[in-house]
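Notes to accompany the following structure.
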Amino acid sequence: MGALTDLDLSALWVSVRLATMTVVVLLIVGTPLAWWLAHTRSRLRPIVEAAVALPIVLPPTVLGFYILVALGPYGPLGHFANLTLAFTFTGLVIASVFYSMPFVIQPLQSAFEAAGQAPLEAAWSLRASKLDAFLTVISPIALRGYISAIVLGFAHTMGEFGVVLMVGGSIPGQTRVLSTTIFEHVEAMEYGQAHAISAFMLGFSFLVLLAVYIVNRRFPIHVS
């Protein structure tokens, strides 16, 4: 097993930054969306649920291609921002938010469905504001969902390859992440370095899944 180079460690840092920012953005955007999906009776719900789950079944290169077009100078997002977001770290975060969306929103939706609206209505009857009731009553009840969402969203972003390569390329220090680094080591026949990073990702993924199962067992959602 080969030793990690400075470029490998740089790719690790970019991966951690990307995963952290993606999860933060998804928690901010995904929490109200997950709540709406958990309790709405709108006919639009199946359409929105299908759109959220789309990255699970869509080939990453397809999703990456359309995001690349959207972020380009003539795409809607690139034209709106008046700059090219493709092959930048910002563009990579935007792509990762779309790609990891179901891994954050679906656990939150399940937790909100289990919590129900009764605790919230009880807090409202005691004159708590909607935001206060959500933060102090619903969020603690849905803690298991938040932990699963954070862990799965972070781990899934760390392992991205197709979307990352399409939208960000592999610019050292900017968009070069661990998954693309493994690919480049294999292309260069540097199997020792590829093995070292792959072994790390394998262990990391196993520990993430183990943590999710332990959390689901030890923190069941109880609504009194």
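The values are calculated or read from the model by the stated rules, or taken from the named source; none is laboratory data. Bear in mind that the values here come from a model prediction, so they are computed numbers and not experimental data. Please note: Cβ atoms are built from the backbone with ideal geometry, for glycine as well, and neighbour counts cover all protein chains shown. The area values use the complete protein model at the heavy-atom level, side chains included, leaving out ligands, DNA and RNA. Shrake-Rupley method; radii C 1.70, N 1.55, O 1.52, S 1.80 Å.
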**Message:** Yes or no: segment 157-176 includes at least one residue that is more than 28 Å from A118 (Cβ to Cβ), basic (K, R) and over 16 Å from the mean Cα position of the chain (by Cα).
**Reply:** yes
**Prompt:** When F87 is evaluated against the numbered criteria (1) within 19 Å of V25 (Cα to Cα); (2) open to solvent by 10 Å² or more (accessible area, probe 1.4 Å), which criterion, by number, is the only one it fails?
**Reply:** (1)
**Message:** Against the condition acidic (D, E), under 19 Å from A142 (Cβ atoms), assigned to a helix (DSSP H, G or I) and touching a Leu at 6+ places or on another chain (Cβ under 8 Å), how does E113 come out, does it pass?
**Reply:** no
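Conditions (1) touching a residue at least 24 places away in the same chain (Cβ under 8 Å); (2) of a type outside the set (V, I, T); (3) buried (at least 21 other Cβ atoms within 10 Å of the Cβ), marked per residue:
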{"residue": "A155", "(1), (2), (3)": "yes, yes, yes"}
{"residue": "M158", "(1), (2), (3)": "yes, yes, yes"}
{"residue": "F161", "(1), (2), (3)": "yes, yes, no"}
{"residue": "L165", "(1), (2), (3)": "yes, yes, no"}
{"residue": "G169", "(1), (2), (3)": "yes, yes, no"}
{"residue": "P172", "(1), (2), (3)": "yes, yes, no"}
{"residue": "M189", "(1), (2), (3)": "no, yes, no"}
{"residue": "S198", "(1), (2), (3)": "no, yes, no"}
**Item:** Verdict on R41 being open to solvent by 50 Å² or more (accessible area, probe 1.4 Å), assigned to a helix (DSSP H, G or I) and among the basic types (K, R)
**Value:** no
**Request:** Would you mind telling me which numbered condition in (1) assigned to a helix (DSSP H, G or I); (2) on the phi > 0 side of the Ramachandran plot F87 fails?
**Result:** (1)
**Asked** Can we say L108 is open to solvent by less than 10 Å² (accessible area, probe 1.4 Å), within 23 Å of V52 (Cα to Cα), modelled with pLDDT of 90 or more and aliphatic (A, V, I, L, M)?
**Response** yes
**Prompt:** Here are some conditions: (1) of a type outside the set (D, E, K, R); (2) part of a helix (DSSP H, G or I); (3) open to solvent by 60 Å² or more (accessible area, probe 1.4 Å). Y74 meets all but one. Which one does it not meet?
**Reply:** (2)
**Every pair of residues 6+ apart whose Cβ atoms lie under 8 Å, when the first sits in segment 7-22 and is farther than 17 Å from T90 by Cα while the second is modelled with pLDDT under 95 and hydroxyl-bearing (S, T, Y)** = L7/T181; D8/T181
**Request:** Starting from segment 39-54, keep only residues that are within 19 Å of G116 (Cα to Cα), then list their pairs with residues that are assigned to a loop (DSSP other than H, G, I, E, B) whose Cβ atoms are within a distance under 7 Å, requiring at least 6 positions of separation or different chains.
**Result:** H39/Q117
